[in-house]
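What follows is a single structure, written as structure tokens, with notes after it.
The values are calculated or read from the model by the stated rules, or taken from the named source; none is laboratory data. Keep in mind the model is a prediction, meaning the values are calculated, not measured. Cβ placement follows ideal geometry from the backbone for every residue including glycine, while neighbour counts extend to all protein chains displayed.
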Amino acid sequence: MTAKPFYVTTAISYPNGAPHIGHAYEMIATDAIARFKRLEGRDVYFLTGTDEHGIKMVQTAAAQGISPRELADRNSGEFHRLADVLDISNDDFVRTTEPRHHQASQEIWKRMAERNNGDIFQSTYKGWYSVRDEAYFDADELTEKDGKRFAPSGAEVNWVEEPTYFFRLSAYQEKLLALYESNPDFIAPKERRNEIISFVKGGLQDLSISRTTFDWGIPVPHAPGHVMYVWVDALTNYLTGVGFPDEQSELFKKFWPADLHVIGKDIIRFHTVYWPAFLMSSGIEVQHRVFAHGFLTVDGQKMSKSLGNVVDPFELADEFGVDQLRYFLLREVSFGQDGDYSRDKLINRVNADLANNFGNLAQRSLSMINKNCDARVPEQGPATADDLALIKEVDEALEAARVAMDGQLVHEAAGAIIAALSSANNYFAAQEPWALKKTDMARMGAVLYLTADTVRRLAIPMLAFVPNAASVLLDQLGVPADERMFADALTANRLRQGAELPVPQGVFARLERKAQ
Ligand code: ME8
């Protein structure tokens, strides 16, 4: 049987600046989802990239005295490097300035223009535009202060008037409502779904989809002077990444429609209203699901250049460790809700869960095995009621983690595993193997066996969250590379008795709180 495909994407970031911790968060959470699906045996394709066109790029580049292309090259490289540093397991990285993406975008445009009676027409756009959001707004969505107008994001809007092409979005109201109705899982979390349904029920206006006042974009086919509105091209990256317009390519046939687009809460409308409408118009299957995560704040405040509190993910990874940063973000923030980063929170969380709990259990059991069992996996003994209770608890935690990950509740999955590790620590403390050493060596061996096997069972799903540390631990337990799938975790007592183990090394040092 061939493995069922799973295609997952992040949003593609604007490379108008260096990546910040919000970008790192989205990459890490999507990576955990991708890695977990691979552990379950799914054939995963994971795409990320950079969104390089649009007026925001033009203006930022001009302010720095460089060309938009130089700006894009410089910062896209930083996003690429971030994915490497954070152990992101993406299969491809799309840059929207690549020829393959221009081809895909022009093809989707042609289809929208030509299919049925054509959903694209020419008119004049008159209205408000926010450069920071790269989005159009109705007057009633804006607030006014000191004679200026602001979008809901807080970004200032400008009045624009220009001849542009429009997409007949108004024709898709009923089709979109039918989509949300027939696929209740299309938008997650649930609150977001309700928001979008009421937005669409309120009526959809046709959308301006080309620009004529600058040329940093993908040329509209057969329309000199027009470049595509950046969101038309940006959304199309999800198709580019699997080989569109070649619909006969292996990648496209296998992975489209995408199983999951992971995005932030500020860009839900683009992904759940415009994107499915563009796809329907082009006769391409609509994606299965969109999950909108929340926003990260720093010490309780919104991150902003003017406050000077933008957190650099490279520095955090360097100071605290990649697995530590990954784990903190995955466990601390309820996926789908807003969350807060602070040094203290990161240090506390990592010390409590990774150093004192996971790492401690592994280190204590492995070093006792090393000293007292000739550095070999001890014999498994007859199971006591306490042993069976621990095994059952791990069974239940793994099932809870699986269910949580199926709904992208990454924090709950990590929480279930950590709770089971706590129970295993309690078991270890209560069984007192160091005392058994003097009274009952066989039972001491059995306790160490079960503890080490429990570390094995829980380290396997942790490969999705802390890939480096979990794989080092599995090495230390002598678990072969082909026995590290989720199914291997489900079976207890698979640790090989008598297998020789290396001298254990701690994988999670306690983080010290340094004076800043
Ligand atoms: O929106 N916390 O790019 P972007 C969490 N190019 N997530 C955050 C965040 C924060 N503080 N700030 C931003 C774009 N994000 C478009 C996407 S997709 C076809 C085009 C998230 O660089 C944001 O919600 O502004 C988005 O999902 C991603 O980072 C890229 O944001």
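At a glance:
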{"read-out": "Hits in the range 457-469 - residues which are assigned to a helix (DSSP H, G or I) and either β-branched (Val, Ile, Thr) or surrounded by fewer than 24 Cβ atoms within 10 Å (Cβ to Cβ) (or both)", "value": "Ile460, Pro467, Asn468"}
{"read-out": "Selection within the range 4-23 - within 28 Å of Ala63 (Cα to Cα) and near the ligand (Cβ under 9 Å from one of its atoms)", "value": "Ala11, Ile12, Ser13, Tyr14, Pro15, Asn16, Gly17, Pro19, His20, Ile21, Gly22, His23"}
{"read-out": "Test: residue in the range 14-21 that is closer than 24 Å to Gly339 by Cα and part of a helix (DSSP H, G or I)", "value": "yes"}
{"read-out": "Test result for Glu285, part of a loop (DSSP other than H, G, I, E, B), over 18 Å from the mean Cα position of the chain (by Cα) and free of Cβ contacts under 8 Å to residues at least 12 places away in the same chain", "value": "no"}
{"read-out": "Some residue of the range 42-51 being more than 14 Å from the ligand (Cβ to nearest atom), part of a helix (DSSP H, G or I), touching a residue at least 40 places away in the same chain (Cβ under 8 Å) and not acidic (Asp, Glu)", "value": "no"}
{"read-out": "Residue check for Val242: in contact with a helix residue (DSSP H, G or I) (Cβ under 9 Å, 6 or more places away or on another chain), within 11 Å of the ligand (Cβ to nearest atom) and either part of a loop (DSSP other than H, G, I, E, B) or of a type in the set (Val, Ile, Thr) (or both)", "value": "no"}
{"read-out": "Near pairs, Cβ below 9 angstrom, 6+ apart or cross-chain, from the range 486-503 (more than 18 Å from Ala362 (Cα to Cα)) to any residue that is loosely packed, with under 12 Cβ neighbours inside 10 Å and not β-branched (Val, Ile, Thr)", "value": "Asp488/Asp482"}
{"read-out": "Unmet requirement for Asp374, which otherwise passes all of (1) assigned to a helix (DSSP H, G or I); (2) farther than 14 Å from Thr451 by Cα", "value": "(1)"}
{"read-out": "Selected residue [in a loop (DSSP other than H, G, I, E, B) and either under 24 Å from the mean Cα position of the chain (by Cα) or surrounded by fewer than 22 Cβ atoms within 10 Å (Cβ to Cβ) (or both)] from Ala383, Ala442", "value": "Ala383"}
{"read-out": "Matching residues in the range 120-166 - criterion: being closer than 21 Å to Ala277 by Cα and either among the small types (Gly, Ala, Ser) or more than 16 Å from the ligand (Cβ to nearest atom) (or both)", "value": "Ile120, Phe121, Gln122, Ser123, Tyr125, Ala135, Asp138, Thr164, Tyr165, Phe166"}
{"read-out": "Positions within the range 474-504 being over 21 Å from Val394 (Cβ atoms) and either surrounded by fewer than 12 Cβ atoms within 10 Å (Cβ to Cβ) or among the hydroxyl-bearing types (Ser, Thr, Tyr) (or both), in sequence order", "value": "Ala481, Asp482, Gly498, Glu500, Val503"}
{"read-out": "Options Arg193, Arg211; residue that is basic (Lys, Arg), under 22 Å from Ala292 (Cβ atoms) and touching a Phe, Trp or Tyr at 6+ places or on another chain (Cβ under 9 Å)", "value": "Arg193"}
{"read-out": "Where a residue in the range 244-269 is acidic (Asp, Glu) and its partner, wherever it lies, is within 11 Å of the ligand (Cβ to nearest atom), with Cβ under 9 Å and at least six apart", "value": "Asp266/Asp133; Asp266/Ser153; Asp266/Ala292; Asp266/Phe295"}
{"read-out": "Single residue of the range 288-307 satisfying the filter (among the hydrophobic types (A, V, I, L, M, F, W, C), part of a loop (DSSP other than H, G, I, E, B) and within 11 Å of the ligand (Cβ to nearest atom)) that is surrounded by the fewest Cβ atoms within 10 Å (Cβ to Cβ)", "value": "Phe295"}
{"read-out": "Odd one out for Asn194, checked against (1) under 24 Å from the mean Cα position of the chain (by Cα); (2) of a type in the set (S, T, N, Q); (3) farther than 21 Å from Ser13 by Cβ; (4) crowded, with 16+ Cβ neighbours inside 10 Å", "value": "(4)"}
{"read-out": "Output for the range 210-239, where each listed residue is β-branched (Val, Ile, Thr), within 16 Å of the ligand (Cβ to nearest atom) and in a loop (DSSP other than H, G, I, E, B)", "value": "Ile218"}
{"read-out": "Among the candidates Gly415, Gly407, residue that is of a type outside the set (Lys, Arg), closer than 19 Å to Ile460 by Cα and out of contact with any helix residue (DSSP H, G or I) (no Cβ under 6 Å at 6 or more places or on another chain)", "value": "Gly415"}
{"read-out": "Output for the range 108-156, where each listed residue is small (Gly, Ala, Ser), in contact with a helix residue (DSSP H, G or I) (Cβ under 8 Å, 6 or more places away or on another chain) and more than 23 Å from Pro219 (Cα to Cα)", "value": "Ala151, Ser153"}
{"read-out": "Output for the range 308-346, where each listed residue is surrounded by fewer than 20 Cβ atoms within 10 Å (Cβ to Cβ), at pLDDT 95 or above and more than 25 Å from Met405 (Cα to Cα)", "value": "Asp312, Phe314, Glu315, Asp318, Glu319, Phe320, Ser342, Arg343, Asp344"}
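Residue by residue, here is whether (1) in a loop (DSSP other than H, G, I, E, B); (2) more than 10 Å from the ligand (Cβ to nearest atom) holds:
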residue: Thr2; (1), (2): yes, yes
residue: Glu26; (1), (2): no, no
residue: Ala34; (1), (2): no, yes
residue: Lys37; (1), (2): no, yes
residue: Ala61; (1), (2): no, yes
residue: Ala72; (1), (2): no, yes
residue: Gly77; (1), (2): no, yes
residue: Asn90; (1), (2): yes, yes
residue: Arg100; (1), (2): no, yes
